[in-house]
Amino acid sequence: MSFARTVDEHREAALAAITPLAPVELPVAAALGRTTATAVRARVDIPAFDNSAMDGYALRAVDGDMPRTVVADIAAGASGGAVLVEGEAARIMTGAPLPAGADAIVPHERTAETFREVGVGSTVHLASVPEAGAHVRRRADDVAAGDVVLEAGVRLGPRQRAAVAAAGAASVLVRPAPRVVVISSGDELVAPGQPIGPGQIPESNGILLDGAIREADGEVLATEIVDDTPAHLRALLERIETDGAADLVILTGGASVGAYEVVRDVLEPTGVEFLPVAMQPGKPQGFGALASGIPVFCLPGNPVSVAVSFEVFVRPVLLRLQGRSDVTRPVLQLPAAVGWRTPPEREQYMPVAVDRSDPARWTVRPATAGGSGSHRAGALAHAEGWARVPAEKDRVDPGELVDVMLVP
Ligand SMILES: Nc1nc2c(c(=O)[nH]1)N[C@H]1C(S)=C(S)[C@@H](COP(=O)(O)OP(=O)(O)OC[C@H]3O[C@@H](n4cnc5c(N)ncnc54)[C@H](O)[C@@H]3O)O[C@H]1N2
Ligand code: MOO
């Protein structure tokens, strides 16, 4: 058997055809999951001013352990104004601005007095000699105004979006969520939950892709089911093109070499390329564009093939549309708990479950006894990742390190 491309070659060919979506300015509150289109620079310093890291007393370290007279009371949000001289202190709360003259904070636990009872005019006795700079958070010691807080091409997850907000941004230039139409083809398909007749099966590829697209920060415009009548698929594709809203179309099924291959029959004559990729599962692949230029993936119909194809081809393209710098999953090497056979000449993607009982030595094993059989839609429930075994190998031995991509 000869294969037209390796997995890496097919992914690179698809990525080469993709241009990131035009950026839009979004309020920070609306930017969760979006990708930065340019580097985000801080508008303010973090911290914005010298302030206290503790509830306690601001004072001059140089005055040693002499008792201090409290001359001010400074809460977080106060605008300051006090100026300390020898023998003076200010009662101060965490995050409140350091008064002029002070260079150290003594937490109130290190004093003799009850904190809540101390006021302006009280005397405070220290348990130790304060150290200059102790418990003081200096202006801009984290980020200075003008610094890059987030590079271009990075996803605004919870922490990244919070850092951007903390740095004073009101809005951020991001790439929008790619809008995707999913089409499952096959006379045998019945919408999930509907009654199933002889020869029919519940449609699950559309549901799988719907979840996977959302996880990749895409937006699902529609999930359609189409039968094996070419005119029906043509009409659906024309509607999608006329509508013009989609950034990507993903079809499943009808991509191989059978007698009724509706997707291939309709799209190959229009220039979409269909070829065997050296992988198992997922061998028959199609990629190209509709007449209006919308990129289109034609994935094989088998459910495990769809899951793998999404992972190695479609997800990188969705991330590239968003301008993400990192478009492939990290690969880690984990020992195989058991051995298994792999097909000749094809890179194998084995759905694996992870044994985490020893936190210092996670191991992987095939998610089911059925291995990487591409029809095993039920096995997907137990897959926590994909073990990638090179085409040259014909088996994995117990204890051998294998490349693993963990998936959420
Ligand atoms: N003579 C050959 N036959 C096949 C070859 C080959 O090289 N020579 N390749 C095999 C491989 S590998 C794959 S993968 C499949 C791919 O075939 P298609 O892309 O044409 O997919 P279908 O035939 O339409 O469906 C395959 C299988 O998956 C089920 N299916 C399809 N869509 C869904 C869905 N939305 N939800 C759930 N299940 C779905 C369908 O019922 C079939 O069982 O071709 C091999 N054959
Ligand atoms: O490539 Mo097919 O996906 O092995 O079943």
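The values are calculated or read from the model by the stated rules, or taken from the named source; none is laboratory data. Treat the numbers as computed from the prediction; the structure is a model and nothing was measured. All Cβ positions, glycine included, derive from the backbone under ideal geometry; neighbour counts span all protein chains shown.
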- Message: Any residue in region 109-136 that is in the same structural domain as Ala61 (by TED's automatic domain parsing) and outside any loop (DSSP other than H, G, I, E, B) sitting within a Cβ distance under 6 Å of a residue that is among the aliphatic types (A, V, I, L, M) and exposed (fewer than 13 other Cβ atoms within 10 Å of the Cβ)? List the pairs, counting only those 6 or more apart or interchain.
- Response: Arg110/Ala127
- Task: Determine whether Ala387 is buried (at least 21 other Cβ atoms within 10 Å of the Cβ), in a strand (DSSP E or B) and either at pLDDT below 95 or aliphatic (A, V, I, L, M) (or both).
- Result: yes
- Residue count for region 148-190, restricted to those that are farther than 23 Å from Arg41 by Cα and either assigned to a helix (DSSP H, G or I) or away from ligand 1 (no atom under 16 Å from the Cβ) (or both): 2
- Going by the structure shown, is Val317 assigned to a helix (DSSP H, G or I), of a type in the set (Val, Ile, Thr) and within 16 Å of ligand 2 (Cβ to nearest atom)? no
- In region 247-271, how many are more than 9 Å from ligand 1 (Cβ to nearest atom) and touching a Lys or Arg at 6+ places or on another chain (Cβ under 7 Å)? 2
- Query: Which residue pairs have Cβ atoms under 9 Å apart, sit 6 or more places apart or on different chains, and have a first residue in region 197-214 that is in the same structural domain as Asn302 (by TED's automatic domain parsing) and a second that is charged (D, E, K, R) and more than 7 Å from ligand 1 (Cβ to nearest atom)?
  - Reply: Gly199/Asp187; Gln200/Asp187; Gly206/Glu224; Ala212/Glu311; Ala212/Arg315; Ile213/Glu219; Ile213/Arg315
- Query: Quick one: in region 197-209, which of the residues that are touching a helix residue (DSSP H, G or I) at 6+ places or on another chain (Cβ under 7 Å) and surrounded by fewer than 23 Cβ atoms within 10 Å (Cβ to Cβ) is farthest from Asp247 (Cα to Cα)?
  - Reply: Ser204
- Residues located in region 166-196, provided they are more than 26 Å from Asp243 (Cα to Cα) and either touching a residue at least 40 places away in the same chain (Cβ under 8 Å) or among the hydrophobic types (A, V, I, L, M, F, W, C) (or both): Ala166, Ala167, Gly168, Ala169, Ala170, Ser171, Val172, Leu173, Ile196
- Message: On the basis of being within 24 Å of Arg329 (Cβ to Cβ) and among the hydroxyl-bearing types (Ser, Thr, Tyr), does Thr252 make the cut?
- Response: yes
- Item | Of all residues making up region 148-160, the number that are exposed (fewer than 14 other Cβ atoms within 10 Å of the Cβ) and touching a residue at least 24 places away in the same chain (Cβ under 8 Å) | 4
- Gly258 vs (1) away from ligand 2 (no atom under 13 Å from the Cβ); (2) surrounded by fewer than 18 Cβ atoms within 10 Å (Cβ to Cβ): all pass except (1)
- Query: Got at least one residue in region 264-277 being on the phi > 0 side of the Ramachandran plot and either of a type in the set (Asp, Glu) or within 16 Å of ligand 2 (Cβ to nearest atom) (or both)?
  - Reply: no
- Message: For region 320-379, which positions are in contact (Cβ under 8 Å) with a residue 40 or more places away in the chain, more than 24 Å from the chain's Cα centre (by Cα) and away from ligand 1 (no atom under 16 Å from the Cβ)?
- Response: Pro335, Ala336, Ala337, Val338, Gly339, Trp340, Arg341
